[in-house]
Amino acid sequence: MHAVQQRENGNRETVVVLRDLTKIYRDFWRRTRIRAVQHLSIEVSRGEVFGLLGPNGSGKTTTLKMLVGLLHPTSGSISILGRSPRSAATRHLLGYLPEESLLYPFLSAREALDFYGQLFDLPAAERRRRVDQLLEMTGLVHVADRPIGQYSRGMVRRVGLAQALINDPDIIVLDEPTAGMDPLASRQVKDILRSLADHGRTVILSSHLLADVEDICDRIAVLYNGRLRAVGTVEELLVHEDRFIVSLPAADTDLLRMITGEIRRRMGSEPEVSHPRRNLEDFFLELIRTAKDTETADFSGASEPGLVAEYLSHGEEDKHTLPRASSRQGNGNDNIADPP
Amino acid sequence: MTISPIHREDGGRAHRPSATCPITALMLLSIRRSVRSRLLLALLILCAGTITFVPLAIRGDGTPEGYLLVFVRYALGGSMALLSVAAIWLGCLAIDAEFEQGSSELLFSKPASRWSIWMGNLAGAAIVLTAVMLLAAASVYGLVRLRIFSVAAEPEEKSLLRERLFVARRIVCPRQEDYRVRASRLLEKLDRNRWIGAGMARDEALRMLQYALAVRDASLAPGQSRTWIYDLDNGLTGDHAVLLKFRAVGPTHGAAALFLDWTISEGLSGRTLLEKQIRCLPGREETIVIPAAAAGGVRLLSVRCTNPRVNRTPLTFDPARLPWLEIYAGGFEANYLRSVIILCANLVFLCSIGMLSGCIFSLPTAAFTSLWWLLMVNLAPYFHTMAGKRFIFYSHHEVKSAPTFWDNLFRLFFSLLDRLFYPLRITDPLQQVVEAHSIPWSQVFYEVLFKGVAAVLVMSLVAALILSRRQYIRNP
């Protein structure tokens, strides 16, 4: 049954559909141990960069593992291009980077990429070409023949990203893609992902780095305690709905001056004239705090504050120690060719 | 820098990845792992050590047969024991290490089927183990030739060794009479005369009568003779001597020697080929050599044994092991190669047992389970014997007329074990090589096709099913 749907608003093909997805980890006696994901429904369109946000134990990694067929949902359904994620034909169109890049330490980067290419049944010449391109893209050409066991964590992460792209996948699933990378490498990875999306590839990622998510994601979903708390575009989620913005044409400066003068006269202060926008980090923290106040975390590890939440509860000056990415506009990597 | 796209028919949606490519990839990966983790080196060193030190530790009796026994049976057998444990360990590690180290998460997210992942890993481990086994077998063969031929100085002695030791012989047993008809008639007669006890089951009485008749036919009173006929199919070529072997026992297992007169003649014409009196010790295997020139062209051989009155005692042969012929069936090398093929098939089988256990359990449990399997397949002949017995529990104080509940229960238990493990039993082809008994190709095919292919395929399907249901959880 082909279930590829068209989104009503943008007429874009919906390639990933999660319906009422639930995952419960049970112990040997079938008793519920952890409710990792509960009634999660999400749709992702082709060419979209979709981010999953949430503190530790919120169900992000479990959701991604179910997407690539490594875990079986307890209930609900997953459709990738109208198929089950567990079919080999679906996995042929997927690229996956797990949270930890656990590659074979006795292989070199070139051998590892060639091995994963073989699993995709790529012809030898095609494999060699792709491996060379990916090694160059990830900046590993000079260490391509050294065993991965001798690499730093960031370098291993780059090899992990390269193997996720070896088959030129339609859908790329990345769990913490920039974890362990320096700011420069992180920027490069984000540029690559953005560029892939611009060329029709669908990227689904999870991250703790809110700035990264805000920088490259078209839409985000916030998970807490296994439940979906919010989903939408970054703009939609960050707008303050309880406040009004009076929008004036730029040309009508007299009217603007009159309104601001009247406000200044009546309120005694200078009004802010701009588009109001919340910070993603503030929004995220507020959402998590609300969720914590309203319910008690029973099975999830999220009852304890996660590292991200801890970080975000610090002062404003600490926030700037995280690598801030530049605007995503104009950062696309134009070197990536169009999809076939 | 340009990353070029991969062109796929139908956007890749109709793509069905082949099974061979992942199998090849995983096989090469498995070999690389063995080489780079120095496992292959360790196995080679251990086997070399076994082949070097076993002959130094077990000196043998100094005869060529003794050297063959020490080198082939003990040194190569020791290497096989070592490789059997290594096969189980490698098998357990192959899949379990993927889960323990976390690389399974990447591997199982790729389009390779679970079956091809299992088969690829097995193929790699099998190649490594087979390579080590072949190297060990080649080394032992070289040492055997070097050591044994250094004992024989003269060309005649070397020729004799080739004829006597470096051969493979097949066993021909005499035509066996079917005692069922005679036993049935006897039983009817005894029944009419009310000689059969009321408590004895009829089938049990029939079985005992058959055995009694067979023993009577295998026994010789003083002055009595017996003749056995041997069918030699296509006849003897006359290039090689034929051995007649027997083991006779007297009424008591004393050390007194017995004298037996043997007359060997052609079955059809009655032409006498050999007449010989043999002095033999009860219970010991004796050999009569029928010269090659005399045996040429014979299709039916008649062997007559007389117990001379001088012995003053009856003697008997084991009814299940009447005097047998050993006929040349090929050279040592071919026989040795067949035994090595069987050993390699057993290694693949053991490795797949380890891999199947590794799919189900974590490493220590998998290793324990595999060793238990190894024990069971080695005990399979014992289960077979026990399953064939009517009475499991014996008492010296009573004669049982019928099996008890516990006899039946344990016989059922042994029958189940026999059904399960006897087809998978681990044979010892090296013993056949040392005894110069030809290993028939049927045995090689059975071992390779049943254990190396069929059993492995069944295990691969079970493993694929288990792996497809297994979930990939690391710190959920």
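The values are calculated or read from the model by the stated rules, or taken from the named source; none is laboratory data. All values derive from a computational prediction rather than experimental measurement. Reconstructed Cβ throughout: ideal geometry from the backbone, glycine too, with neighbour counts over all protein chains shown. The area values use the complete protein model at the heavy-atom level, side chains included, leaving out ligands, DNA and RNA. Shrake-Rupley method; radii C 1.70, N 1.55, O 1.52, S 1.80 Å.
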Hey, B:PHE445 in contact (Cβ under 8 Å) with a residue 12 or more places away in the chain, farther than 30 Å from A:VAL68 by Cα and either away from chain A (no Cβ under 14 Å) or assigned to a helix (DSSP H, G or I) (or both) or not: no
Residues of the stretch B:65-101 satisfying the condition of being over 21 Å from B:TRP373 (Cα atoms), open to solvent by less than 20 Å² (accessible area, probe 1.4 Å) and in contact (Cβ under 8 Å) with a residue 12 or more places away in the chain: B:LEU68, B:VAL70, B:PHE71, B:VAL72, B:ALA75, B:LEU76
Sole exception among (1) in the same structural domain as B:ILE290 (by TED's automatic domain parsing); (2) touching a helix residue (DSSP H, G or I) at 6+ places or on another chain (Cβ under 6 Å) for B:LEU209, by number: (1)
Among the residues listed as B:VAL456, B:VAL433, the single one being open to solvent by less than 20 Å² (accessible area, probe 1.4 Å), farther than 18 Å from B:LEU374 by Cα and of a type in the set (Val, Ile, Thr): B:VAL433
Among (1) in contact (Cβ under 8 Å) with a residue 12 or more places away in the chain; (2) of a type outside the set (S, T, N, Q); (3) surrounded by fewer than 23 Cβ atoms within 10 Å (Cβ to Cβ) - the single one A:GLU236 does not satisfy: (1)
Residue, nearest to the other protein chains (Cβ to nearest Cβ), within the stretch A:93-107, restricted to residues that are open to solvent by 10 Å² or more (accessible area, probe 1.4 Å) and of a type outside the set (A, V, I, L, M, F, W, C): A:GLU100
Residue identified as among the charged types (D, E, K, R), at pLDDT 90 or above and either open to solvent by 70 Å² or more (accessible area, probe 1.4 Å) or under 27 Å from the mean Cα position of the chain (by Cα) (or both) among B:ARG175, B:ARG114, B:ARG169, B:ARG162: B:ARG169
Any hit, the stretch A:156-179, residues being under 27 Å from A:LEU81 (Cα atoms), in contact with a Lys or Arg (Cβ under 6 Å, 6 or more places away or on another chain) and among the small types (Gly, Ala, Ser): no
Some residue of the stretch A:4-27 being within 11 Å of chain B (Cβ to nearest Cβ), of a type in the set (Gly, Ala, Ser) and open to solvent by 10 Å² or more (accessible area, probe 1.4 Å): no
Qualifying helices (runs of 4 or more DSSP H) (wholly inside the stretch B:81-186; at least 1 residues being closer than 23 Å to B:TYR328 by Cβ and more than 14 Å from chain A (Cβ to nearest Cβ)): B:114-151, B:155-164
Search result, residues across the stretch A:108-124 that are on the phi < 0 side of the Ramachandran plot and at the interface with another protein chain (Cβ under 9 Å from one of its Cβ atoms): A:GLU111, A:ASP114, A:PHE115, A:TYR116, A:GLY117, A:GLN118, A:LEU119, A:PHE120, A:LEU122
Test for B:SER468: is it open to solvent by less than 50 Å² (accessible area, probe 1.4 Å) and within 14 Å of chain A (Cβ to nearest Cβ): yes
Positions within the stretch A:125-148 being open to solvent by less than 40 Å² (accessible area, probe 1.4 Å), more than 30 Å from A:THR63 (Cα to Cα), more than 8 Å from chain B (Cβ to nearest Cβ) and under 27 Å from the mean Cα position of the chain (by Cα), in sequence order: A:GLY139, A:LEU140
Inter-residue pairs, beta-carbon under 9 Å, first without any contact (Cβ under 8 Å) to a residue 24 or more places away in the chain and more than 14 Å from B:ALA463 (Cβ to Cβ) and in the stretch B:335-356, second charged (D, E, K, R) and crowded, with 24+ Cβ neighbours inside 10 Å, 6+ apart: none
Strands (runs of 3 or more DSSP E) wholly inside the stretch B:269-321 that include at least 3 residues being of a type in the set (Val, Ile, Thr): B:285-290
